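The values are calculated or read from the model by the stated rules, or taken from the named source; none is laboratory data. On a predicted model such as this, the values are computed, not experimentally measured, just so you know. Ideal geometry is used to build each Cβ from the backbone, glycine not excepted, and the neighbour counts take in all protein chains shown.
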(Lines give C-alpha, C1' and ligand atoms only; values in the text may rest on other atoms or scores of the structure.)
Protein backbone atom coordinates (compact mmCIF):
# COMPACT_ATOMS: atom_id res chain seq x y z
CA UNK A 1 0.00 0.00 0.00
CA UNK A 2 1.49 3.33 -1.11
CA UNK A 3 0.90 6.19 1.32
CA UNK A 4 -1.42 8.86 -0.13
CA UNK A 5 0.26 12.21 -0.84
CA UNK A 6 -1.46 14.43 1.71
CA UNK A 7 -0.59 17.31 4.03
CA UNK A 8 -3.59 17.43 6.36
CA UNK A 9 -5.30 14.46 8.01
CA UNK A 10 -8.77 15.04 9.41
CA UNK A 11 -10.24 12.69 12.01
CA UNK A 12 -13.71 11.69 12.98
CA UNK A 13 -13.59 11.56 16.79
CA UNK A 14 -16.62 9.80 18.30
CA UNK A 15 -15.97 6.13 17.61
CA UNK A 16 -12.83 6.56 15.52
CA UNK A 17 -10.55 8.15 18.11
CA UNK A 18 -12.59 7.77 21.30
CA UNK A 19 -14.34 4.78 22.87
CA UNK A 20 -17.38 6.80 23.92
CA UNK A 21 -19.64 3.85 24.75
CA UNK A 22 -17.39 2.01 27.22
CA UNK A 23 -16.34 5.32 28.75
CA UNK A 24 -19.90 6.51 29.29
CA UNK A 25 -21.11 3.18 30.63
CA UNK A 26 -18.43 3.40 33.30
CA UNK A 27 -18.91 7.12 33.98
CA UNK A 28 -22.69 6.82 34.27
CA UNK A 29 -22.41 3.85 36.65
CA UNK A 30 -19.94 5.80 38.79
CA UNK A 31 -22.20 8.85 38.75
CA UNK A 32 -25.23 6.81 39.77
CA UNK A 33 -23.31 5.20 42.65
CA UNK A 34 -21.97 8.55 43.81
CA UNK A 35 -25.40 10.23 43.70
CA UNK A 36 -27.33 7.23 45.00
CA UNK A 37 -29.33 6.93 41.77
CA UNK A 38 -30.21 3.36 40.81
CA UNK A 39 -31.04 3.11 37.10
CA UNK A 40 -30.49 1.02 34.00
CA UNK A 41 -27.58 3.17 32.89
CA UNK A 42 -26.60 1.04 29.85
CA UNK A 43 -30.21 1.15 28.65
CA UNK A 44 -30.38 4.88 29.27
CA UNK A 45 -27.19 5.42 27.27
CA UNK A 46 -28.54 3.43 24.32
CA UNK A 47 -31.80 5.39 24.29
CA UNK A 48 -29.99 8.69 24.81
CA UNK A 49 -27.59 8.09 21.93
CA UNK A 50 -30.40 6.90 19.64
CA UNK A 51 -31.56 10.49 19.15
CA UNK A 52 -28.21 11.59 17.74
CA UNK A 53 -28.58 10.68 14.06
CA UNK A 54 -32.25 11.71 13.65
CA UNK A 55 -31.52 15.11 15.20
CA UNK A 56 -28.54 15.70 12.91
CA UNK A 57 -30.51 14.56 9.87
CA UNK A 58 -33.20 17.11 10.71
CA UNK A 59 -30.54 19.84 10.55
CA UNK A 60 -29.07 18.51 7.30
CA UNK A 61 -32.50 18.43 5.64
CA UNK A 62 -33.32 21.97 6.77
CA UNK A 63 -36.19 20.78 8.95
CA UNK A 64 -34.46 22.37 11.95
CA UNK A 65 -31.87 25.14 12.27
CA UNK A 66 -28.41 24.15 13.46
CA UNK A 67 -28.13 23.36 17.17
CA UNK A 68 -25.02 21.94 18.78
CA UNK A 69 -24.36 18.73 20.65
CA UNK A 70 -24.91 20.30 24.08
CA UNK A 71 -28.43 21.30 23.07
CA UNK A 72 -29.08 18.09 21.15
CA UNK A 73 -28.15 15.70 23.95
CA UNK A 74 -29.94 17.76 26.60
CA UNK A 75 -33.10 17.72 24.49
CA UNK A 76 -32.82 13.97 23.99
CA UNK A 77 -32.11 13.40 27.69
CA UNK A 78 -35.34 15.15 28.58
CA UNK A 79 -37.19 12.91 26.12
CA UNK A 80 -35.97 9.61 27.61
CA UNK A 81 -35.36 10.14 31.34
CA UNK A 82 -38.95 9.23 32.21
CA UNK A 83 -38.47 5.79 30.66
CA UNK A 84 -35.69 5.04 33.15
CA UNK A 85 -37.13 6.49 36.35
CA UNK A 86 -34.88 9.54 36.11
CA UNK A 87 -37.53 12.24 35.81
CA UNK A 88 -36.49 13.52 39.25
CA UNK A 89 -33.08 14.69 38.03
CA UNK A 90 -32.40 18.32 38.82
CA UNK A 91 -31.18 20.68 36.10
CA UNK A 92 -27.76 20.63 37.73
CA UNK A 93 -27.69 16.83 37.65
CA UNK A 94 -28.69 16.83 33.99
CA UNK A 95 -25.77 19.11 33.21
CA UNK A 96 -23.42 16.86 35.17
CA UNK A 97 -24.59 13.83 33.21
CA UNK A 98 -24.42 15.72 29.92
CA UNK A 99 -20.84 16.75 30.52
CA UNK A 100 -19.67 13.21 31.21
CA UNK A 101 -19.18 13.23 27.43
CA UNK A 102 -16.20 15.52 27.99
CA UNK A 103 -14.42 12.73 29.89
CA UNK A 104 -14.62 9.95 27.32
CA UNK A 105 -11.34 8.11 26.79
CA UNK A 106 -9.43 7.44 23.58
CA UNK A 107 -8.99 3.92 22.27
CA UNK A 108 -5.73 2.34 23.54
CA UNK A 109 -4.00 2.81 20.17
CA UNK A 110 -5.13 6.39 19.60
CA UNK A 111 -2.48 8.49 21.34
CA UNK A 112 0.43 6.50 19.92
CA UNK A 113 -1.05 6.47 16.43
CA UNK A 114 -1.78 10.19 16.44
CA UNK A 115 1.61 11.05 17.95
CA UNK A 116 3.37 9.18 15.17
CA UNK A 117 1.25 10.81 12.48
CA UNK A 118 1.83 14.27 13.99
CA UNK A 119 5.55 14.03 13.20
CA UNK A 120 4.77 14.28 9.49
CA UNK A 121 1.24 15.59 9.01
CA UNK A 122 -1.08 18.31 10.30
CA UNK A 123 -3.78 16.62 12.38
CA UNK A 124 -7.23 18.17 12.65
CA UNK A 125 -10.55 17.00 14.07
CA UNK A 126 -13.56 16.94 11.77
CA UNK A 127 -16.34 15.94 14.12
CA UNK A 128 -20.05 16.47 14.54
CA UNK A 129 -19.26 17.49 18.12
CA UNK A 130 -19.11 21.08 19.29
CA UNK A 131 -15.91 23.11 19.54
CA UNK A 132 -16.12 23.18 23.34
CA UNK A 133 -16.70 19.43 23.56
CA UNK A 134 -13.88 18.51 21.19
CA UNK A 135 -11.44 20.84 22.92
CA UNK A 136 -12.24 19.24 26.28
CA UNK A 137 -12.11 15.69 24.90
CA UNK A 138 -8.74 16.32 23.25
CA UNK A 139 -7.34 17.78 26.46
CA UNK A 140 -8.71 14.94 28.60
CA UNK A 141 -7.28 12.29 26.29
CA UNK A 142 -4.01 14.14 25.60
CA UNK A 143 -4.73 13.87 21.89
CA UNK A 144 -2.09 15.70 19.83
CA UNK A 145 -4.31 17.51 17.36
CA UNK A 146 -2.96 20.65 15.71
CA UNK A 147 -6.42 22.18 15.30
CA UNK A 148 -10.00 21.57 16.37
CA UNK A 149 -12.65 21.89 13.66
CA UNK A 150 -16.22 20.71 14.08
CA UNK A 151 -19.69 20.90 12.61
CA UNK A 152 -20.10 24.21 14.42
CA UNK A 153 -17.74 25.84 11.93
CA UNK A 154 -20.04 24.93 9.05
CA UNK A 155 -23.27 25.12 11.09
CA UNK A 156 -24.33 21.77 9.64
CA UNK A 157 -23.55 18.11 10.31
CA UNK A 158 -21.68 15.50 8.33
CA UNK A 159 -22.30 14.18 5.74
CA UNK A 160 -23.54 17.53 4.40
CA UNK A 161 -20.97 18.79 1.85
CA UNK A 162 -20.45 22.06 3.71
CA UNK A 163 -19.05 20.21 6.75
CA UNK A 164 -16.10 18.89 4.73
CA UNK A 165 -15.55 21.86 2.42
CA UNK A 166 -15.59 24.38 5.28
CA UNK A 167 -12.95 22.38 7.16
CA UNK A 168 -10.67 22.31 4.12
CA UNK A 169 -11.18 26.02 3.49
CA UNK A 170 -10.35 26.89 7.09
CA UNK A 171 -7.02 25.09 6.84
CA UNK A 172 -5.80 27.78 4.45
CA UNK A 173 -4.47 28.24 0.96
CA UNK A 174 -2.21 25.18 1.02
CA UNK A 175 -5.11 22.83 1.82
CA UNK A 176 -7.04 21.36 -1.10
CA UNK A 177 -9.37 18.36 -1.13
CA UNK A 178 -6.68 16.40 -2.96
CA UNK A 179 -4.04 16.90 -0.25
CA UNK A 180 -6.42 16.29 2.66
CA UNK A 181 -7.46 12.91 4.04
CA UNK A 182 -10.28 11.89 6.36
CA UNK A 183 -9.73 9.04 8.81
CA UNK A 184 -12.93 7.44 10.10
CA UNK A 185 -14.52 4.19 11.21
CA UNK A 186 -17.76 5.00 9.35
CA UNK A 187 -17.98 4.15 5.66
CA UNK A 188 -20.66 6.78 4.99
CA UNK A 189 -18.33 9.51 6.29
CA UNK A 190 -15.51 8.39 4.00
CA UNK A 191 -17.85 8.14 1.01
CA UNK A 192 -18.92 11.74 1.54
CA UNK A 193 -15.32 12.91 1.95
CA UNK A 194 -14.24 11.12 -1.23
CA UNK A 195 -17.12 12.67 -3.18
CA UNK A 196 -15.49 16.04 -2.50
CA UNK A 197 -12.05 14.92 -3.62
CA UNK A 198 -10.53 13.98 -0.27
CA UNK A 199 -8.35 10.94 0.36
CA UNK A 200 -9.67 8.37 2.84
CA UNK A 201 -8.48 6.06 5.62
CA UNK A 202 -10.71 3.41 7.20
CA UNK A 203 -10.36 1.47 10.43
CA UNK A 204 -13.01 -0.72 12.07
CA UNK A 205 -14.16 0.00 15.61
CA UNK A 206 -16.57 -1.85 17.89
CA UNK A 207 -17.94 1.46 19.14
CA UNK A 208 -21.38 -0.03 19.84
CA UNK A 209 -20.03 -3.11 21.59
CA UNK A 210 -18.72 -6.58 20.74
CA UNK A 211 -21.81 -7.56 18.72
CA UNK A 212 -21.56 -4.65 16.29
CA UNK A 213 -21.66 -5.77 12.66
CA UNK A 214 -21.92 -2.47 10.79
CA UNK A 215 -18.73 -0.79 9.54
CA UNK A 216 -16.51 -3.74 10.37
CA UNK A 217 -15.10 -3.89 6.84
CA UNK A 218 -14.16 -1.38 4.18
CA UNK A 219 -17.05 -0.89 1.77
CA UNK A 220 -14.94 0.74 -0.93
CA UNK A 221 -11.33 0.93 -2.07
CA UNK A 222 -10.30 3.52 0.51
CA UNK A 223 -6.71 4.70 0.10
CA UNK A 224 -5.78 3.34 3.54
CA UNK A 225 -7.38 0.41 5.36
CA UNK A 226 -5.91 -0.45 8.76
CA UNK A 227 -6.87 -2.24 11.96
CA UNK A 228 -6.34 0.82 14.19
CA UNK A 229 -4.67 4.24 14.32
CA UNK A 230 -1.22 2.74 14.76
CA UNK A 231 -1.89 0.86 11.54
CA UNK A 232 -2.89 4.12 9.85
CA UNK A 233 0.39 5.67 11.01
CA UNK A 234 2.36 2.74 9.62
CA UNK A 235 0.52 2.96 6.29
CA UNK A 236 1.34 6.67 6.13
CA UNK A 237 5.05 6.07 6.68
CA UNK A 238 5.16 7.14 10.33
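Considering the conditions (1) surrounded by fewer than 19 Cβ atoms within 10 Å (Cβ to Cβ); (2) over 16 Å from residue 14 (Cα atoms); (3) touching a helix residue (DSSP H, G or I) at 6+ places or on another chain (Cβ under 8 Å), residue 208 is excluded by exactly one of them, (2). Here 101, 107 are screened, and the one residue that is within 13 Å of the chain's Cα centre (by Cα) and within 19 Å of residue 30 (Cα to Cα) is 101. Can you tell me which residue among 123, 117, 143 is in contact with a helix residue (DSSP H, G or I) (Cβ under 8 Å, 6 or more places away or on another chain), part of a strand (DSSP E or B) and at negative phi? On inspection, the qualifying residue turns out to be 123.
Only residues that are over 14 Å from residue 49 (Cα atoms) and not in a loop (DSSP other than H, G, I, E, B) were counted in region 85-98, giving 6.
Among 169, 213, which is in a helix (DSSP H, G or I), at negative phi and either surrounded by fewer than 17 Cβ atoms within 10 Å (Cβ to Cβ) or not assigned by TED's automatic domain parsing to the domain that holds residue 122 (or both)? Quick ask: steps written out before the conclusion?
Working: 213 fails: in a helix (DSSP H, G or I).
Just one listed residue meets the conditions, 169.
Taking the listed residues 193, 218, 136, 175, the one that is surrounded by 23 or more Cβ atoms within 10 Å (Cβ to Cβ) and either free of Cβ contacts under 8 Å to residues at least 40 places away in the same chain or in contact with a strand residue (DSSP E or B) (Cβ under 6 Å, 6 or more places away or on another chain) (or both) is 193, with no other qualifying.
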